[in-house]
1. About the Cα centre of segment 117-244, how large is the charge dipole given +1 on each Lys and Arg Cβ and -1 on each Asp and Glu Cβ? Please answer in debye to the nearest 20.
2. Could you tell me which of 6, 265, 27 has its Cα farthest along the dipole of the chain towards the positive end, charges placed at Cβ (Lys, Arg +1; Asp, Glu -1), taken about the Cα centre?
3. Mind checking the angle between helix 97-113 and the chain's longest principal axis? C-alpha axes, 0 to 90 degrees, to the nearest 10.
4. Tell me which of 355, 193, 167 sits at the most positive position along the dipole axis of the chain, charges placed on C-beta atoms (Lys, Arg +1; Asp, Glu -1).
5. For Cα pairs less than 8 Å apart in space and 6+ apart in sequence, what is the mean separation divided by the residue count of segment 299-350, i.e. the relative contact order in percent?
6. So between residue 293 and residue 18, what do we pick up on full extension, going 0.36 nm a residue minus the alpha carbon distance?
7. Calculate I(q)/I(0) for the chain by the Debye formula, one identical point scatterer on each C-alpha and no solvent, and give its log10 at q = 0.07 Å⁻¹ to two decimals.
8. Calculated FRET efficiency, residue 331 and residue 401, Cβ-Cβ r, R0 30 Å, to nearest 0.05?
Amino acid sequence: MTRTLIKSGMIVTLDRRIGDLAQGDVLIDGERIAAVAPAIAADDAQVIDARDSIVMPGLVNAHIHTWQTGLRGVAGDWTILEYLHHMHASIAPHFKPDDVYVANLVGALNQLNSGVTTMVDWCHNNPTPAHSDAAIDGLKEAGLRAVFLHGSPKPDVKPGQKHFSEIPHPRVEIERLARDRLPSRDGLVTLGMAVLGPAYSTYEVSRHDLALARALGMLCSMHVGGGAMRTPDGFVRLAGEGLIDRRVNIVHGNNLAGDHLRALLDNGASVTVTPEVELQMGFGDCLTGRLREAGRAPSLGSDVESSMGGDMFTTMRMALQAQRAIDNAKVIARSGGAPEHLSIGCREALEWATIEGARMAGLDDRIGSLAPGKQADIVLLRADDLNLCPVVDPVRSIVLHAGTANVDTVIVAGSVLKRGGALLRNDLARRKAELVSSSRRILAAPATT
């Protein structure tokens, strides 16, 4: 097995037993971390010189619609209502399987390039099995770790057709994917479900979909936000039937009533916050503060590639500073003066983008921190770059100063996929050209009404 020694870096482990090392080494043996220590002797290992580098766990993007990569900027001025109509009813129907493939491939490569080693791909533009297969092919080709969440299209209803809110998730297709495409729970790309949930479907459909996910033992994610829920009491009823557990994930949730949020959290559900899109599209205050009051933490996602950049450094900052602003305003309103202390520290925000994302995906026993036995999903940032130098506190530098340009090295399951600031591929120009061609064809097509 190949052994790699990351030598003499500033190590942020996010493992509370090990702590951080002002200077230390990480030994990788095959796919896994073998040791983390101030100094490791390994004469047979390939050495990565990490002097003047921050060594950290790979970021986890817990919610991204990667199929929209070729539509960047299209939704930059849209509200949620405009997005739902224009994207799903007008643009999405023009995607062919090849369009989904190249969007997922280039989008996933962008995530790798930006320091993300794991992404949760919320794929809800898959009107045919060929579209789903193409999306999975794109993720696998990129080489990162991913959870492919199989969703469902949301077209405008045509005469004589059922509204999408009345259509259960397709059991036959999920079983096909689990049997033929993503059968392993231990592979780099694994399978889950992106369902409508009570916000966008009838209670009968919500109950069917959550029961199906439970029967298959799959992560089950759903959007909540941007308007009134289709089934207002859905979560309380689902919890009462025992259909809410740790494998249930809520995205957004800004307008959840208190009893609904308690029903979800008390039964182990996770919540993913996507601060930038929530602030833009009119969802209301991010749920971060209410989660913290309940003793829970969010995971973070960049969300729609058609509107927001996929940069998780920006996502961390947006989540942290938005909640700090809310908390500061409460102190000012109550006391009339500025707060004496900030409500949230940078380390907590970094955990949202790493170990909490891993926990949401059910992967926290494998990734999200640097510790012996875990998968070697590791990122090195150049600490001597102009925007980071000098690094006084590595965690604060990551959260408040770093960006994608600082990402020097990316390792997934022990494989080096980026080194010296460049992805180790020779097909990027061709893939970008394919994405441009796909984008132009889709956007030139007549609007679907």
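The values are calculated or read from the model by the stated rules, or taken from the named source; none is laboratory data. Values in this document were obtained by computation on a predicted structure and should not be read as measured data. Neighbour counts run over all protein chains shown; Cβ positions are idealised from the backbone, glycine included. These accessible areas exclude ligands, DNA and RNA; they are computed on the full protein's heavy atoms, side chains included. Shrake-Rupley method; radii C 1.70, N 1.55, O 1.52, S 1.80 Å.
1. Details: 14 positive and 14 negative charges, 25 e Å.
Once rounded to the nearest 20, the dipole reads 120 debye.
2. Towards the positive end, the residue furthest out is 265.
3. The angle comes out near 30 degrees.
4. The residue sitting farthest along the positive end of the dipole is 167.
5. Numbers: 31 pairs, mean separation 15.5, N = 52.
It comes to 30 percent, rounded to a whole number.
6. Numbers: separation 275, 0.36 × 275 = 99.00 nm, distance 2.74 nm.
So the extension gain works out to 96.3 nm.
7. The Debye formula, applied to the Cα set alone, gives -0.34.
8. On the way: r = 26 Å, r/R0 = 0.85.
Approximately 0.70, to the nearest 0.05.
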